[in-house]
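Participant: Can you keep this structure in mind? I'll have questions shortly.
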């Protein structure tokens, strides 16, 4: 994975703390080896791998490319550009996750540019196809931020659920949403496992 940014390290600490609280410290393995690479965490009791991302890494790269001086705090970055870059990062990092086990993405967002709900659009953003003669919906297609269909399928086949969050809140839970990939993941999370991850989301902060 190379050197981790300070933002990713902070996000990993937040997630480790909550995973340990939910499943027990001894049940969380750091940096489990998968296909010669390393994922971020393995939750042993449910055999689920966790990969942590932070949108801050993506936006900081874009800001560097603009070559603004270091004192500039705000750069107007289009949301679509952030989501496209996030998709590329996820597609690359997804190689570290196995196909034969449930995998959960934990994505920390940056309110300035994207929300937790926007992260779900990286994978499946619905678009209605309308019959112009009858004005009725014919089908729903999904816009993808991935560059090619095979990249989309590779990720969708591996990812069982996504937790997108803004921060760990004062209630020691995540302020965000859980998006269950029911239709595409080969091994979707069952209700018991799903409910455990739902407990990590703060109802009071939604």
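Participant: In the range 90-120, which residue that is at pLDDT 80 or above and surrounded by fewer than 20 Cβ atoms within 10 Å (Cβ to Cβ) is farthest from residue 56 (Cα to Cα)?
Facilitator: Checking each candidate, the answer is 100.
Participant: So residue 123 fits all but one of (1) crowded, with 20+ Cβ neighbours inside 10 Å; (2) under 22 Å from residue 83 (Cβ atoms); (3) at pLDDT 70 or above; (4) touching a strand residue (DSSP E or B) at 6+ places or on another chain (Cβ under 9 Å); what number is the exception?
Facilitator: Unmet for residue 123, out of (1) crowded, with 20+ Cβ neighbours inside 10 Å; (2) under 22 Å from residue 83 (Cβ atoms); (3) at pLDDT 70 or above; (4) touching a strand residue (DSSP E or B) at 6+ places or on another chain (Cβ under 9 Å): (3).
Participant: Now for a separate question. When you scan the range 132-206 for strands (runs of 3 or more DSSP E) that lie fully inside it, which ones turn up with 3 or more residues that are at pLDDT 85 or above and either on the phi < 0 side of the Ramachandran plot or surrounded by 15 or more Cβ atoms within 10 Å (Cβ to Cβ) (or both)?
Facilitator: Hits in the range 132-206: 161-168, 174-180.
Participant: Starting from residues that are under 12 Å from the mean Cα position of the chain (by Cα) and in contact (Cβ under 8 Å) with a residue 40 or more places away in the chain, keep the ones in the range 163-184 and report whichever is farthest from residue 13 (Cα to Cα).
Facilitator: Only one residue tops the list, namely 181.
The values are calculated or read from the model by the stated rules, or taken from the named source; none is laboratory data. None of the values given here were measured: they were computed from a predicted structure. FYI the Cβ positions are ideal-geometry reconstructions off the backbone, even for glycines, and counts take in every protein chain you see.
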